[in-house]
Amino acid sequence: MWLIFALLSAVFAALTSILAKVGIDGVNSNLATAVRTVVVVIMAWGMVFLTHAQGGLTEISKRSWSFLILSGLATGASWLCYYRALQTGEASKVVPVDKLSVVITLLLAFVFLHEEFTVKSVIGCVLIGVGTLLMVL
């Protein structure tokens, strides 16, 4: 089931890039990010209430709160930078560079989460890096 959701995520991320590139025309990138964020917040809380998950709010540990807040700050910074890059660059170049996050995530997962770094992971990281360079140059 994770693969289906991961593929849907990729499709929606692709749509996000194209729709954002069109929508950001003539709009301040920070304002555009704020509008997008409001929509995401409404949608996310809508899903919480639709699935009756709001009761779990009080069960979140202080450690989880800390890391979720840090993750939210990282997401906000990523979105602000992404929208600025989309506003000033071509989507066909911005998006591949943004997807270098896959390589960075694998490295961080290895260092901080002690996840296995296999030969396949190394080859994949190199290919993503080389592919990004080919698409951007």
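The values are calculated or read from the model by the stated rules, or taken from the named source; none is laboratory data. Note that the structure is a prediction, hence the values are computed from the model and not measured. Every residue, glycine as well, gets a Cβ built from its backbone with ideal geometry; the counts of neighbours run over all protein chains shown.
When Thr75 is tested against (1) closer than 26 Å to Ser29 by Cβ; (2) more than 18 Å from the chain's Cα centre (by Cα); (3) loosely packed, with under 13 Cβ neighbours inside 10 Å, just one condition goes unmet, and that condition is (2). Can you say whether Ala85 is loosely packed, with under 14 Cβ neighbours inside 10 Å, within 20 Å of the chain's Cα centre (by Cα), under 30 Å from Asp25 (Cα atoms) and in the same structural domain as Val11 (by TED's automatic domain parsing), as far as the supplied structure shows? When the stated conditions are applied, Ala85 does not pass them.
Close Cβ contacts (under 7 Å, 6 or more residues apart or on different chains) running from residues in the stretch 15-41 that are closer than 22 Å to Gly72 by Cβ to residues that are among the charged types (D, E, K, R) comprise Ser29/Arg84. Determine if the stretch 102-122 includes at least one residue that is in contact with a Ser or Thr (Cβ under 9 Å, 6 or more places away or on another chain), in a helix (DSSP H, G or I), in the same structural domain as Val136 (by TED's automatic domain parsing) and within 24 Å of Val136 (Cα to Cα). Yes, the stretch 102-122 contains a residue that is in contact with a Ser or Thr (Cβ under 9 Å, 6 or more places away or on another chain), in a helix (DSSP H, G or I), in the same structural domain as Val136 (by TED's automatic domain parsing) and within 24 Å of Val136 (Cα to Cα).
Going by the conditions given, is Met1 modelled with pLDDT of 95 or more and surrounded by fewer than 12 Cβ atoms within 10 Å (Cβ to Cβ)? So Met1 fails the test. Could you go through the stretch 69-77 and let me know if any residue there is touching a residue at least 40 places away in the same chain (Cβ under 8 Å), hydrophobic (A, V, I, L, M, F, W, C), closer than 28 Å to Leu133 by Cβ and in a helix (DSSP H, G or I). No, every residue in the stretch 69-77 fails to be touching a residue at least 40 places away in the same chain (Cβ under 8 Å), hydrophobic (A, V, I, L, M, F, W, C), closer than 28 Å to Leu133 by Cβ and in a helix (DSSP H, G or I). Restricting attention to the stretch 50-68, report how many residues are of a type in the set (Ser, Thr, Tyr) and either in a helix (DSSP H, G or I) or surrounded by 11 or more Cβ atoms within 10 Å (Cβ to Cβ) (or both). Residues meeting the conditions: 3. The residue that is nearest to Val97 (Cα to Cα), counting only those in the stretch 14-49 that are small (Gly, Ala, Ser) and surrounded by 13 or more Cβ atoms within 10 Å (Cβ to Cβ), is Ser17.
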